[in-house]
Amino acid sequence: MEIKERNKFIKFLKEKWQGRSCPMCQVGTWSVQDTIFELREFHGGGLKIGKQLIMPVVPVTCDNCGNTVLINAITAGFVERENEATKPKEEKNKK
C-alpha cells in the first residue's frame, strides 16, 4: 500500500519530531518510504490465517547510519483502524 499523501506524512513527522536528530548517529536527515508495510505476530515461522493483530507501519530511515524507525500508520492517521462499523455485513453476521 502506498502513502497517498506523502507530503502530509512528512509534515506530520516534522511536527512530532521537532527537528530531532537520529538517536544513533546524531545526524538529522531522514528518508521516508512511500509504502506502508505490515507487522504480524510471529507464530514459529508459520503463517497464521484468520484473526491476528496486523500493525501497519511506515519505515523512516536515517540517511547517515541506516537506523530505521517504524511509524504506526494508524496512530499517524494514514490508515483507519478496523472496527465493527467498517467490517462488511458478512463478517459481522459470522459471530
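Structure data summary
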read-out	value
Normalised contact order of the stretch 6-79, rounded percent, pairs of Cα under 8 Å and 6 or more residues apart	30 percent
For a label point 7 Å along the Cα-to-beta-carbon line of Met24, residues of the stretch 68-82 with backbone N under 15 Å	68-71
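Every number here is computed from the coordinates shown, using simple stated rules; none is lab data. Being a predicted model, the structure only gives us computed values, none of them experimental. As a convention, Cβ positions derive from the backbone with ideal geometry for all residues, glycine included, and neighbour counts pool all protein chains shown.
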